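Below you'll find the structure, written out as structure tokens, and then a few comments.
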Amino acid sequence: EVVLPGFQALNYDLSVDGQLVVMEIADRDRTSRFWIAALDRVSPPRPIPGVDGTEPRFGSNGDILFRRTEGSSGFVYRVRPDGTGMQKVFEKPIFVFGGMSRDGRWIKAFTVPAGNEGPSWQALPLDGGRSVPIGAYTWHWSATEDSVAISGTPLPAGRSYIVPLRSGQFLPLELREGVRSEQEVAELPGARRIDADMVMPGASPD
């Protein structure tokens, strides 16, 4: 089923409750702007006025986080769904905005960490704490935050894993420095293999 006929989304994100979708849509001059739609179609899709950018993601309080280009650099911003309250989240340039944790406390970003090392994938806390180095793989949390789905490099094509999380974890401690092999993920306690390129955890373990 086509959820939103007539909208060609370049990027999108679902709200934690699964009721809303925010989409990146190119307008006639090819500028990327954001639209929010209710998946039950009770109300029509609506644009976020006066905002342009890429890679929109829902925050923990209903705000939309996204990446916006300034000159030759990109930065992560947040804005309310009505287009008000826009502000820069991090002063450091973000080369790729890779997603958010389900609790809205962390973002995944390709950026330069403290210490002037080369750019790498980092988990950046929105509360201003220390960043955590992570790998280039893709992860998505369950709605209850008790497991995380891991896909992408260096896992083989067509394979993903669901890994349980301890209370308060956003990633297994063993993977904080990145994933080096499929065996490393497969041997984590409780890890389940799923034969798919990408996995998004649903509302139940099934």
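Structure summary
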{"quantity": "Residue match in segment 31-54 (condition: of a type in the set (A, V, I, L, M, F, W, C), more than 21 Å from GLU145 (Cβ to Cβ) and under 15 Å from the mean Cα position of the chain (by Cα))", "calculated": "no"}
{"quantity": "Meets criteria (farther than 27 Å from TRP35 by Cα, more than 13 Å from the chain's Cα centre (by Cα) and among the charged types (D, E, K, R)) for ARG130", "calculated": "yes"}
{"quantity": "Members of segment 28-49 that are without any contact (Cβ under 8 Å) to a residue 24 or more places away in the chain, among the hydrophobic types (A, V, I, L, M, F, W, C) and open to solvent by 70 Å² or more (accessible area, probe 1.4 Å)", "calculated": "VAL42"}
{"quantity": "Residue tally, condition crowded, with 20+ Cβ neighbours inside 10 Å and modelled with pLDDT under 90, over segment 150-169", "calculated": "3"}
{"quantity": "Where a residue in segment 97-112 is polar (S, T, N, Q) and its partner, wherever it lies, is open to solvent by less than 10 Å² (accessible area, probe 1.4 Å) and assigned to a loop (DSSP other than H, G, I, E, B), with Cβ under 6 Å and at least six apart", "calculated": "THR111/ILE94"}
{"quantity": "Restricting segment 70-99 to residues that are out of contact with any strand residue (DSSP E or B) (no Cβ under 8 Å at 6 or more places or on another chain) and on the phi < 0 side of the Ramachandran plot, the residue that is least open to solvent (accessible area, probe 1.4 Å)", "calculated": "SER73"}
{"quantity": "Test for VAL199: is it within 17 Å of the chain's Cα centre (by Cα) and modelled with pLDDT of 85 or more", "calculated": "no"}
{"quantity": "Top-ranked residue of segment 1-29 - restricted to ones that are under 17 Å from ASP103 (Cα atoms) and part of a loop (DSSP other than H, G, I, E, B), ranked as modelled with the lowest pLDDT", "calculated": "VAL16"}
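The values are calculated or read from the model by the stated rules, or taken from the named source; none is laboratory data. Note that the structure is predicted; figures quoted are calculated from it, not measured. Cβ coordinates were reconstructed from backbone atoms using ideal geometry, including for glycine residues, and neighbour counts include every protein chain displayed. These area figures cover heavy atoms from the full protein model, side chains too; ligands, DNA and RNA do not enter into them. Shrake-Rupley method; radii C 1.70, N 1.55, O 1.52, S 1.80 Å.
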